[in-house]
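Step one of this worksheet: look at the structure below.
Each reported figure results from applying straightforward, stated rules to the coordinates on display, with no laboratory input. In this text, all values refer to a predicted model and were calculated from it rather than measured experimentally. Positions of Cβ are backbone-derived with ideal geometry, glycine not excepted, and every protein chain shown enters the neighbour counts.
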Amino acid sequence: MAAIQIDHIVKKFGSLRAVDDVSFSVESGEIFGLLGPNGAGKTTTIRIILDIFKPDSGQVSILGGAMSEAKKDRIGYLPEERGLYQDIRLEQALTYLASLKGLTGADARQRLDAYLERFDLNQHRKKKVKELSKGMQQKAQLIVTFAHNPELVIIDEPFSGLDPVNTQMVKDLMREQREKGVTIVMCTHQMNQVEELCDRLVLINQGKAVLYGRLEEIRHQFAGHEVLVKPVGELPIQIPGVVSRESHNGTVLLHLSQDVSPQEVLRGLVESGVGLERFEIAMPTLDQIFIEVVQGEQKVG
């Protein structure tokens with residue numbers, strides 16, 4: 001069963017179609033990327049999923065049906081706009097917010113203690129929230145998001161303000177939650193984190209879903225006619241089927257002519273006695289795909 005099923009939703013604000021006939025599903029127990037440039041319609045889509053906005057048309061199913069007040073306690077949400085109370089102690093803020101998701105005082109303290117220890121915040125629990133660094137406040141909000149053991153989590157820019165050590169902590173937590181069957185929808189502009197974490201993704205631009213599917217399938221779809229090689233020694237000046245090359249720190253990107261296959265180039269190099277440490281079809285990064293699709297859509301528009 002899909003944790004989220006979106007079918008042809010439309011949301012207009014005056015003459016602006018913020019979400020324009022968008023459809024996608026998020027499977028239970030996956031990390032799903034919800035991507036797009038600023039102003040693309042991502043936040044409006046999230047608010048429709050959470051029943052903050054009603055779609056003008058289309059259907060939304062959350063955890064097997066329509067949203068209800070009971071289901072909201074099964075969902076964790078980290079918005080891009082942070083919302084911790086600044087003038088109270090950290091532990092007081094976390095306990096209060098956990099209680100809003102149905103946790104008793106004892107359960108909240110037990111779970112929060114474990115998270116505070118894990119995220120190196122235990123020694124800061126008596127401080128007012130405003131006395132914490134941006135990274136500490138980000139970790140505190142992530143604790144609130146996961147403390148009530150939600151089935152579905154929607155997180156917007158989860159790595160904002162985090163150093164590499166804390167970023168790794170959050171990634172480890174997200175993978176653990178996925179292993180437990182929790183569904184995570186992640187919105188971020190950090191494409192390297194999407195590549196590392198997400199099973200599938202949808203890219204929304206100008207209110208429309210312009211890319212949707214498994215990451216590897218999308219990368220293959222946008223792959224050019226190029227191979228990466230790392231030779232032992234020098235490559236021949238002329239390689240049959242290669243029209244140009246680019247060198248990057250010992251690795252060479254070979255641009256192939258359209259009438260030759262990567263396998264033919266590999267065979268030719270081996271038969272010429274060239275030693276190779278690496279030979280692979282060059283795949284575009286998600287950053288490159290994002291730029292290509294968004295800029296292409298803007299030119300069309």
If we sort 50-62, 132-144 on the protection proxy, mean other Cβ atoms within 10 Å, highest first, what's the order?
132-144, 50-62
Label-zone membership for the range 49-75, site residue 10, 7 angstrom Cα→C-beta point, backbone N under 13 Å
55-59
Percent relative contact order for the chain, counting Cα pairs under 8 Å at least six residues apart, stands at 20 percent
At 15 Å minimum axial length over the Cα atoms and a Kyte-Doolittle cut of 0.0, report the qualifying DSSP H helices in the chain, or say none.
286-300
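Taking K and R as +1 and D and E as -1, what net charge do the other residues with C-beta under 14 Å from the C-beta of residue 34 add up to?
-2
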Between their Cα atoms, which of 54/171; 101/171; 11/71 are more than 28 Å away from each other?
54/171
Can you tell me which lysines have their Cα less than 17 Å from the Cα of residue 130? Leave out same-chain residues fewer than eight positions away.
139
Grab the other residues whose beta carbon is less than 10 angstrom from that of residue 68, score K and R as +1, D and E as -1, and report the net.
0
For residue 180, go through the aspartates and glutamates and keep the ones whose alpha-carbon is under 16 Å away, minus same-chain ones fewer than eight residues off.
27, 30, 151, 172, 199
Hey, fewest Cβ within 10 Å first, where do 200, 278 land in order?
278, 200
Residue 292 and residue 87 label points (each 7 Å along its Cα→Cβ direction) are spaced in nm at 5.3 nm
